[in-house]
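Below is one structure, written out as structure tokens; comments come after it.
Every number in this text was worked out from the coordinates using simple rules, so none of it is lab data. If you're wondering where the values come from, they're calculated on a predicted model, not measured in any experiment. Here the Cβ positions follow ideal geometry from the backbone for every residue, glycine too, while neighbour counts run over all protein chains shown.
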């Protein structure tokens, strides 16, 4: 076939029911030239049995002979990928039928693009669309809706948004909503264990100095959000928030980044630390409220004080928090993304 090969990389672990739905969503693609690489950490053969029911030569199953951990399993899946473009699809998430068709088209039209991203729907354990409240009061229609309308996102703008949160959140993060150019994805390996839960953010931040991104304002994937999933559990129990500062400092130490922002370096440094402090205060502050844990709140304040060297950033935090409450209560009226 003349169309480029794409690889879905799916590390799995003891979720055969969800894995079946994930595979089915891949096989429903309108773009046919792809492979599915599955690496299995499961303690039994239930996932292998699910894969065996699909008689499709594009599916390649690899047992890991035990649980080698999620990072090594994902790394193995990526190392086995043959595609020009790679998607890391979690074993409980779904892709919409036009995911590959639209994203590959964007790549082929824009050779300087390393990542194509799109907003994600949120679904429950039954695949039904949900609109949960994040941060207690903010209803989420999508995750990672970056802007209104499709378009090329040049690397300097994108990198500033990753570092300073100028768009209100990270531009993208969850791998299931992203398609990577394999050449760009190589910049992210080996995985940095110190990034902890923020490793998926760090992956994109490592690519951003060297590649433009492209945004499609259409829901092309679904992120399964349940009270017991990994992200929800982290938000409820508190995060090791120093990871935000770590990945930010790693990015700021990059010589290409320093050259890109040399005329505004001091401001970028300060705003980057402030965004880290905002993330830390918001996520762990809310977790402390839920858990009624003064200890978590005190430890988070200590971390912010230790990691953020700018006193004015600490003074800005209460005003930022009030602004977040206001935009949660009175969100801007925007046209919806395409479905």
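Give me 89, 122 ranked fewest to most by other Cβ atoms within 10 Å of their Cβ, as a rough exposure proxy. Can you show the working numbers first?
Numbers: 89 29, 122 19.
Fewest-to-most ranking of 89, 122: 122, 89.
So, how do all the Cα-to-Cα distances of segment 294-339 break down into 10 Å bins, in percent, from 0 on up?
Here the calculated profile for segment 294-339 is 21, 32, 26, 17, 4.
So how do 126-133, 154-161, 60-67 stack up, highest first, on mean other-Cβ count within 10 Å?
Working: 126-133: 10.9, 154-161: 19.2, 60-67: 13.9.
Packing proxy ranking, top to bottom: 154-161, 60-67, 126-133.
Averaged across orientations, what area in nm² does the convex hull of the alpha carbons in segment 99-194 project? Numbers along the way, then the final one.
On the way: hull surface 32.9 nm².
In nm², the orientation-averaged hull projection of segment 99-194 is 8.2.
Under the definition of Cα pairs under 8 Å and six or more residues apart, what whole-number percent is the relative contact order of segment 236-329? It would help to have the intermediate numbers written out before the result.
Values: 68 pairs, mean separation 33.4, N = 94.
Here the relative contact order equals 36 percent.
Listed highest first by mean packing, meaning other Cβ atoms within 10 Å per residue, what order do 31-38, 173-180 come in? The partial results should precede the final answer.
Details: 31-38: 19.8, 173-180: 24.8.
Taking the mean over residues of other Cβ atoms within 10 Å, the ranking is 173-180, 31-38.
How compact and how long is segment 143-206, expressed as Rg and Dmax of its alpha-carbon atoms in Å?
12.0, 35
Between segment 57-72 and segment 1-44, what is the separation of their alpha carbon centroids in Å?
12 Å
Given segment 236-329, what whole percent of its Cα pairs are spread farther than 19 Å? Please report the intermediate quantities before stating the final value.
On the way: 1994 of 4371 pairs.
More than 19 Å apart: 46 percent of the Cα pairs in segment 236-329.
Just the C-alpha atoms of segment 1-111: what Rg/Rh do they give, with Rh taken as the Kirkwood radius?
On the way: Rg = 13.6 Å, Rh = 14.1 Å.
That ratio equals 0.97.
What's the exposure ranking of 271, 56, going from fewest to most Cβ atoms within 10 Å?
Details: 271 18, 56 11.
Ranking 271, 56 by Cβ neighbours within 10 Å, fewest first, gives 56, 271.
Test of understanding: ordering 328, 277, 73, 79 by Cβ neighbours within 10 Å, fewest first, what list do you get?
Numbers: 328 15, 277 25, 73 22, 79 11.
Starting with the residue having the fewest Cβ neighbours, the order is 79, 328, 73, 277.
Highest mean first, how do 112-119, 217-224 rank when packing is the count of other Cβ atoms within 10 Å averaged over residues? Can you show the working numbers first?
On the way: 112-119: 23.8, 217-224: 22.2.
Most protected by this proxy first, the peptides run 112-119, 217-224.
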